[in-house]
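Worksheet: the structure to be examined is printed underneath.
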Amino acid sequence: MTAQAVFEELRFVWELLGAELIFLFPFAKPKRHLSLRVAACFVGFSLLAMGYFLVLRLSPWLWEWMFQGVVCAWYIFLALLTLFFQRFCFSLSVSNALYICITGYAAQHLVYIPVHQVLVLSVWPGLASNLPLYLLVSLLGCAVIYTPLFFIFGPKLSRCGGRLFRDSPAVTLNYVLLLVVLMACTFLCQDIFQGGGRQAYLGAIVDALACALILGIQYASLHMALTMLEQAVIQQALRSSESRYALSKELIELANRSCHDLKHSLRSLHLAGEEERQAFLRETEETIRLYEKYIPSNNPVLNAILAEKALFCERHQVTLSCAVGDVDLSFLSVPDLSILLGNAIDNAVEGAARLADPGDRVVSLSIQRRYAFLSIQTNNRCLQTPELHGGLPRTTKAPGGLHGYGLKSIRYIASKYGGNAQISVADRIFTLQIMLPIPSEKLADITKKQADF
């Protein structure tokens, strides 16, 4: 067991874990004490990689083809074990962990082909005996391959909110088959390369093309998943636009009806009795109260959205309590703001409306600035503690419904602005917290206004 042989085994697990991390960081939510978890996994995988030398001891008792099968099984085992590494350090589902595993393995193998296969085994065999230089070349190879992949996949992965696909037998089987194809191609091409001759480099080229093809398939599926999510967001925006139109029509009809009734009421008011006068005053005060609660802020877009949701709450016999601070929402586009607030309030109202006690059917909305962040938070009491899956509650809609697209839309828009959306449940209080970083130019304007004040 030479130092070179030890490094070869360590190199594989280090490169593989590093490849998966470049896709995990922009995608999945890290668990607490992430640095300690990652360090522990690197140490554990490094120790486990030394098991290869125990596998070597089987060679005298096995035929050559059987021994090659055992070696292949050993590396497949290490690759599949990284699923544990991902779920130990990050919050993500099995199907998404398989997606990262396949993408990371293809990226790692793209480093292995030019550096460890072509360069060390063919072009420059003496490099392996100089471990410091070998390590430097390996790091350089990782930087050359991993950096562009990070910038290609990273922006799209960050917009997924930690969830690409639902766990299902079909999705899991699809990724297992893709992983089998990838590993079969890499092992067969390595065998061709080690055979030497004119076909050696052909095997390396086919190996690289297979890995590039897998990465292309993974990027295409990522793009397709995001496109579907964006289409759902667009549909939400269209529904919000239709709701605002219906609200405007309803308010106009209410105003016309009130003016018509007021005109006739004033004519006959002096002839009415005291009881009729008091009833008229109570009805007028109620109408004024409805109009007053539609205007909670000095932001006309926010007022229009909350006016719609106030009527929505009235229809569902839910009390909407708003606390809106002196916030500048202009950095959010009108459709994005409408979708964020619309989905947040709709989900809270749907949960509160299921409660039997009218006193519990309360939804609180808070929109405040917290240092350099815009905080949007809804709270509502829920009938029972929902089961969270992938950071989202399991849908209660019938098959064919939106199946949680409202919360997915919220996460998508939050990530679009560099923020995040978190869900928590404590003592049957369901809380949705949206945190969006305020652009630096907006913060500068706020600071200037405060200084002038």
- Message: If you wrap a convex hull around the alpha carbons of the stretch 1-147, what volume per residue comes out, as a whole number of Å³?
- Response: 119 Å³
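In Å³ and rounded to a whole number, note down the convex hull volume per residue for the Cα atoms of the stretch 40-119. Please list the in-between numbers first.
Working: hull volume 9.3 nm³, N = 80.
Hull volume over Cα atoms, normalised by residue count, gives 116 Å³.
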- Message: At 1.4 Å probe size, what's the solvent-accessible area of Thr172? Round to the nearest 10 Å².
- Response: 40 Å²
- Task: Give a residue-ordered list of calculated ³J(HN,Hα) values for the stretch 50-57 (Karplus: 6.51 cos²θ - 1.76 cosθ + 1.60, θ = phi - 60°; whole Hz; x for Gly, Pro).
- Result: 5, x, 4, 6, 6, 4, 4, 5
- Query: In the structure shown, do any of Lys29/Lys156; Lys29/Lys416; Lys309/Lys442 have a Cα-Cα gap over 25 Å, and if so which?
  - Reply: Lys309/Lys442
- Message: I want to check the label-to-label distance for Gln199 and Asp167. Put each point 7 Å from Cα in the C-beta direction and report it in nm to one decimal.
- Response: 4.3 nm
- Task: Between the alpha-carbon centers of the stretch 19-62 and the stretch 317-360, tell me the distance in whole angstrom.
- Result: 44 Å
- Message: Could you check the spin-label model distance between Arg354 and Ser158? Points 7 Å from the Cα along Cα→Cβ, value in nm.
- Response: 3.5 nm
- Would you mind getting the accessible area per residue of the stretch 148-215, heavy atoms of the protein chains only, 1.4 Å probe, in Å²? 54 Å²
- Given backbone amide H placed at 1.01 Å from N, residues whose amide H is under 5 Å from that of Phe373, ignoring those fewer than 5 places away on the same chain, are Ile438
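So between Glu441 and Ile429, what do we pick up on full extension, going 0.36 nm a residue minus the alpha carbon distance? Walk me through the intermediate numbers first.
Values: separation 12, 0.36 × 12 = 4.32 nm, distance 3.59 nm.
Additional length available on full extension: 0.7 nm.
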- Item | Backbone N under 17 Å from the Cys72 label point (7 Å along Cα→Cβ), restricted to the stretch 150-186 | 177-186
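I need the per residue convex hull volume for the stretch 90-201, using only the alpha carbons, in cubic angstrom as a whole number. Before the final figure, lay out each step's value.
Values: hull volume 13.4 nm³, N = 112.
It is 120 Å³ per residue.
For Cα pairs less than 8 Å apart in space and 6+ apart in sequence, what is the mean separation divided by the residue count of the stretch 97-195, i.e. the relative contact order in percent?
Working: 29 pairs, mean separation 39.8, N = 99.
Value for the stretch 97-195: 40 percent.
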- Amide H contacts under 5 Å for Arg163, placed H, 5+ residues apart: none
- Note on the structure: Which residues qualify? For Val324, with a placed amide H closer than 5 Å and at least 5 residues away or on another chain, they are Ile367
- Query: Which FRET efficiency, nearest 0.05, do Ala143 and Thr227 yield, Cβ-Cβ r, R0 25 Å?
  - Reply: 0.20
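Leaving out ligands, DNA and RNA, and with a 1.4 Å probe, what % of the accessible surface on the stretch 1-46 is carbon or sulfur? Write down the numbers at each step before the final one.
Working: 1500 of 2160 Å².
About 70 percent, which is the carbon plus sulfur part of the accessible surface.
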- Task: Compute the length gained on full extension between Ala212 and Leu47: take 0.36 nm times their separation in residues and subtract their Cα-Cα distance, giving the result in nm to one decimal.
- Result: 56.4 nm
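Given R₀ = 25 Å, FRET efficiency for Asp326-Gln422 by Cβ-Cβ distance, to 0.05?
Details: r = 24 Å, r/R0 = 0.97.
Computed FRET efficiency for Asp326 and Gln422: 0.55.
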- Exposure ranking of Arg32, Arg198, Arg159 by accessible area [1.4 Å probe, largest first]: Arg198, Arg32, Arg159
- Under the Karplus relation with 6.51, -1.76 and 1.60 and θ = phi - 60°, whole-Hz ³J(HN,Hα) for the stretch 3-8, x at Gly and Pro, equal 4, 5, 5, 4, 5, 4
- Centroid-to-centroid separation of the stretch 416-435 and the stretch 64-105 [C-alpha atoms, Å]: 32 Å
- Note on the structure: Sequence order, the stretch 28-43: Karplus ³J(HN,Hα) from phi using 6.51 cos²θ - 1.76 cosθ + 1.60, θ = phi - 60°, Hz rounded, Gly and Pro as x, gives 9, 7, x, 7, 4, 6, 4, 4, 5, 5, 5, 4, 4, 5, 4, 5
- Pop a pseudo-label 7 angstrom from the Cα along the beta-carbon direction at both Phe151 and Arg315 and give the gap in nm to one decimal. 4.9 nm
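The values are calculated or read from the model by the stated rules, or taken from the named source; none is laboratory data. Only a predicted model underlies this, so the values are computations on that prediction, with no experimental measurement involved. Reconstructed Cβ throughout: ideal geometry from the backbone, glycine too, with neighbour counts over all protein chains shown. For the accessible areas, the whole protein counts, side chains as well, though only heavy atoms, and no ligand, DNA or RNA atoms are used. Shrake-Rupley method; radii C 1.70, N 1.55, O 1.52, S 1.80 Å.
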